[in-house]
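Novice: Sending over a structure as structure tokens; questions will come in a sec.
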């Protein structure tokens, strides 16, 4: 039981570390900030933040991730590969 708690604590620590990483890309007046967990933090177009766009893209990504997870589970997952 202790090992599971220790593993969970380590997983949460890794998750926080990943979320704190940030990638910024800027081109043609558009700036996008993406967190390490692949969530859009902000989109700025010509100096104006586009919160609605961020929300819509993050929801689309979330929906896509759920679809992929379901498909992988249907196909047996990756357990046999490791």
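The values are calculated or read from the model by the stated rules, or taken from the named source; none is laboratory data. Keep in mind it's a predicted model, so treat the numbers as computed, not measured. All Cβ positions, even for glycine, are placed from backbone atoms using ideal geometry, and neighbour counts span all protein chains on display.
Novice: So is residue 34 without any contact (Cβ under 8 Å) to a residue 60 or more places away in the chain and more than 12 Å from the chain's Cα centre (by Cα) or not?
Specialist: Here the answer is no, as residue 34 does not meet what is asked.
Novice: Taking the conditions exactly as written (at pLDDT 95 or above and within 15 Å of the chain's Cα centre (by Cα)), does residue 20 satisfy them or not?
Specialist: Answer is no for this residue.
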